[in-house]
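Everything below concerns the one structure shown next.
Just so it is clear, none of the values below were taken in a lab; they were calculated from the coordinates. Quick caveat, the model's predicted, so the values are computed rather than measured. Cβ coordinates were reconstructed from backbone atoms using ideal geometry, including for glycine residues, and neighbour counts include every protein chain displayed.
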Amino acid sequence: MTSSYVFLVPPDGQREDTLTIRDGFSWLAFLFPWIWLLAHRLWLHAIIAFALQAIGGVLAEESGFGPAGMALAFAVNLFVGFEGQNFRIRNLASRGWREEAAIGASSIDLAEEIYFSNIETGADLKAPEWNQASGPQAWQSHSTSLGLFGFDGGRK
């Protein structure tokens with residue numbers, strides 16, 4: 001099974017500090033949404049997820065609202081499971097990290113081997129076509145990998 005791995009370079013440009021994030025569903029984010037968000041320093045996202053799950057818990061206890069409360073709590077889990085990695089990428093981009101490549105590979109080791117071998121050989125690693133803008137402005141469209149909020153590739 002092939003996954004997509006996003007390579008982010010820190011603001012200082014030190015390639016040895018490059019961060020690799022698998023873009024896709026996260027089971028830990030699905031099972032423990034607000035804890036997972038806190039662990040990744042996504043404070044506001046964690047507060048919102050916690051509040052929505054608390055509301056879902058209160059609704060689940062009310063007569064006649066049980067299914068709605070459970071559905072709300074499950075929807076939060078599902079949404080964070082699918083979008084959690086994208087929240088991480090956007091948060092890092094807002095702090096100056098730059099997406100340098102997105103590589104499809106069967107494992108993170110293979111993706112890193114491809115990425116770093118291209119750097120060593122001097123191959124041109126170009127950001128994906130949909131993300132040609134560099135820096136935080138590339139993420140201003142507030143897109144998600146599910147496409148829930150629209151995506152224009154950061155072009156103005």
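Dividing the C-alpha radius of gyration of the range 1-96 by 2.2 N^0.38 Å, with N its residue count, gives 1.29. Computed 3J(HN,Hα) for the range 5-22, one whole-Hz value per residue from the Karplus formula 6.51 cos²θ - 1.76 cosθ + 1.60 where θ = phi - 60°, is 10, 9, 9, 10, 9, x, x, 7, x, 6, 5, 5, 9, 4, 9, 10, 10, 6, glycine and proline marked x. The alpha-carbon positions of the range 8-63 define a convex hull whose volume is 92 Å³ per residue. Short to long, the 10 Å bins of the Cα pair-distance histogram for the range 32-71 hold 35, 38, 23, 4 percent of all pairs.
Largest first, the extents of the alpha carbon coordinates of the range 68-110 on the three principal axes equal 42, 29, 11 Å. Under 14 Å from the Cβ of Leu72, count the other residues' Cβ atoms, weight Lys and Arg +1, Asp and Glu -1, and hand me the total. Local charge sum for Leu72: -2.
A straight chain from Glu16 to Glu113 at 0.36 nm per residue would run longer than the Cα-Cα distance by 33.6 nm.
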